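The values are calculated or read from the model by the stated rules, or taken from the named source; none is laboratory data. From a predicted model like this one, the values you see are computed outputs, not experimental measurements. When we count neighbours, we look across all protein chains shown, and the Cβ atoms used for this are built from the backbone with ideal geometry, even at glycine. Note: areas computed on protein heavy atoms with side chains; ligands, DNA, RNA excluded. Shrake-Rupley method; radii C 1.70, N 1.55, O 1.52, S 1.80 Å.
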Amino acid sequence: MWFLYNRHTFGNFGINSILYRPQKITNKNHIYIGDHVSFDKDLRMEAICTKGNQTFSPHLEIGSYTHAEQRCQIFCANSVSIGNHVIISSDVFITDVSHEYSNIKLDILEQPLSVGSTVIGDYCFIGTGVKIIKPVHIGEHVIIGANTVIHQNIPSYCIVAGNPAHIIKKYNFQTGKWEPVHMQEIT
């Protein structure tokens, strides 16, 4: 079942955009959805405004013509920006926060959040089960293989896979082809 929201409850809710139910979405006024966006069922999209004594001003933005399969989870306390024409496969996790763990006398959920900014460029493909677990910048036209764990920046026009992610191919504009590279470390 799908549901058309009152556009005024979101920071922006573009034309012909659909979020299928069931879902959990918090603090919609901090979420900006472009035109022709669709998210399949079991979406969890949270703009985090407070955690313990911390307060945040989240800005979660989804570009136009972006589509996500089922069970997508996006958490934002500062800034998450997902570009235009991005395809997000099932069971993907995207965040701009991580839990601190320096005080061993406290449960990890009682410790403060460390926040940053996560950017996913236009025309990216994010495979099934990908986890983007730290604030990172992912360039344009990046293909991320299934079950890859992203914890550092990815340049544009790359194919990455693994845990941790490694560049396995780059697009060569001179030949017009994706060309293999020997398990290049991401720097």
Residues located in the stretch 7-23, provided they are under 17 Å from the mean Cα position of the chain (by Cα) and of a type in the set (A, V, I, L, M, F, W, C): LEU19
From ASN53, ASN147, ASN78, ASN103, residue being closer than 29 Å to HIS182 by Cα and open to solvent by 10 Å² or more (accessible area, probe 1.4 Å): ASN147
Of residues in the stretch 24-50 being within 18 Å of SER98 (Cα to Cα) and under 17 Å from the mean Cα position of the chain (by Cα), the one surrounded by the fewest Cβ atoms within 10 Å (Cβ to Cβ): ARG44
Any hit, the stretch 122-131, residues being within 20 Å of HIS59 (Cβ to Cβ), of a type in the set (Lys, Arg) and either within 15 Å of the chain's Cα centre (by Cα) or assigned to a strand (DSSP E or B) (or both): no
From the options ASN84, ASN147, ASN103, residue that is of a type outside the set (Ser, Thr, Tyr), over 10 Å from the mean Cα position of the chain (by Cα), within 15 Å of GLN54 (Cβ to Cβ) and not in a strand (DSSP E or B): ASN103
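Residue by residue, here is whether (1) farther than 20 Å from ILE159 by Cα; (2) modelled with pLDDT of 95 or more holds:
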site	(1), (2)
ILE31	yes, yes
ASN53	yes, no
CYS76	yes, yes
VAL92	no, yes
SER114	yes, no
ILE126	no, yes
Whichever residue in the stretch 152-183 is small (Gly, Ala, Ser) and closer than 25 Å to ILE94 by Cβ and, among such residues, is surrounded by the most Cβ atoms within 10 Å (Cβ to Cβ): ALA165
Residue in the stretch 123-144 that is open to solvent by 50 Å² or more (accessible area, probe 1.4 Å), on the phi > 0 side of the Ramachandran plot and hydrophobic (A, V, I, L, M, F, W, C) present: no
Those residues of the stretch 87-100 which are within 10 Å of the chain's Cα centre (by Cα) and among the aliphatic types (A, V, I, L, M), in sequence order: ILE88, VAL92, ILE94
Residue that is farthest from HIS99 (Cα to Cα), among those in the stretch 51-73 that are in contact with a Ser or Thr (Cβ under 7 Å, 6 or more places away or on another chain) and in a strand (DSSP E or B): HIS67
Number of the exception - LEU106 against (1) in contact with a Ser or Thr (Cβ under 9 Å, 6 or more places away or on another chain); (2) without any contact (Cβ under 8 Å) to a residue 60 or more places away in the chain: (1)
Residue satisfying all of: in the stretch 106-121; among the small types (Gly, Ala, Ser) and in a loop (DSSP other than H, G, I, E, B); surrounded by the fewest Cβ atoms within 10 Å (Cβ to Cβ) among these: GLY116
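Residue by residue, here is whether (1) polar (S, T, N, Q); (2) in contact with a Cys (Cβ under 8 Å, 6 or more places away or on another chain) holds:
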site: SER102; (1), (2): yes, no
site: LYS131; (1), (2): no, no
site: VAL136; (1), (2): no, no
site: GLY145; (1), (2): no, no
site: THR148; (1), (2): yes, no
site: ILE159; (1), (2): no, no
site: ILE167; (1), (2): no, yes
